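Below: one structure in structure tokens.
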Amino acid sequence: MDTEAQPTERDRSSRPSGSADIPDTERPEERSRFALVPRITDWLPGGRITLTLLICLVVLLLLNTFVAQPFQIPSGSMEQGLRIGDRVLVNKLAYRFGAEPQRGDVVVFDGTGYFGDADYIKRVVGVGGDHVVCCDKEGRIRVNGRSVDESTFLHPGDSPSTVPFDVVVPDGTLFVLGDHRSDSSDSRDHLGSPGGGMIPVGDVIGRADWIVWPVGHWTRLHRPSAYARVPAAEGARRCPEVVEVPPARRAQGSAEARRAEHGRALGTSCSAPEANKSENADGAHG
């Protein structure tokens, strides 16, 4: 009698543990989860190199859209700190999570409908509620009654402004000036335009934090300490200074004449509190 054990069903179905004996068609669930990558690399000219470059490009586009964006300085309006051709890195997250622009920040904003159909870079001098006046007896800009020494960043030889102005910045907007005041078209030039020369905070693209090109000019842009002692706004409304411009200068269309005319236009639509009149006589001059 043959006593040799007969193979069981379990014995017949068993297989060696080595993967070489198992066809791929019998274990599709064990295929690599990254099978799509080699398929893409096989399809793309250049293979993995091209795929890597495409991934890097997508990452850069996302960073440029949501995090940081390079911006080239197109004019001399921010000299001497920012020169024509410099590239600054704009921090687009600086004001995204409840933070607001502060006095002294260098910001890039969309000027469409206010300054022109382009992006601009200027320094924030006044924020919502601030009372900004030019000038005190020493020729300095005053913000909320405090004179500001801007000599550390103004272009050499420039004064804070050649034409007086007296404005209150509406909430949610900014009053901005270029550091090269004699070569800058800024809030002073648009006081009589839609928006009164003020920039909505919502149109700010971001804060310029670094000069990244050329390499020799690489530096971080810090908020100057000149504005640190400016007190909080009290919300007092003041009338802009009305400046008489000689007919000859009006005919020439000078920047000073335009700014003065804008100030006159604004001056017809407000009234100054009695408490502020004596202060204005002491703090501003023609």
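So what is log10(I(q)/I(0)) for the range 125-238 at q = 0.12, 0.13, 0.16, 0.21 1/Å, when the Debye sum runs over its Cα atoms only?
-0.45, -0.53, -0.81, -1.33
For the range 124-172, what is the convex hull volume of its Cα atoms per residue in Å³?
For the range 124-172, the hull spanned by Cα atoms encloses 77 Å³ per residue.
Here, each number is a calculation from the coordinates, and none is a lab measurement. All values derive from a computational prediction rather than experimental measurement.
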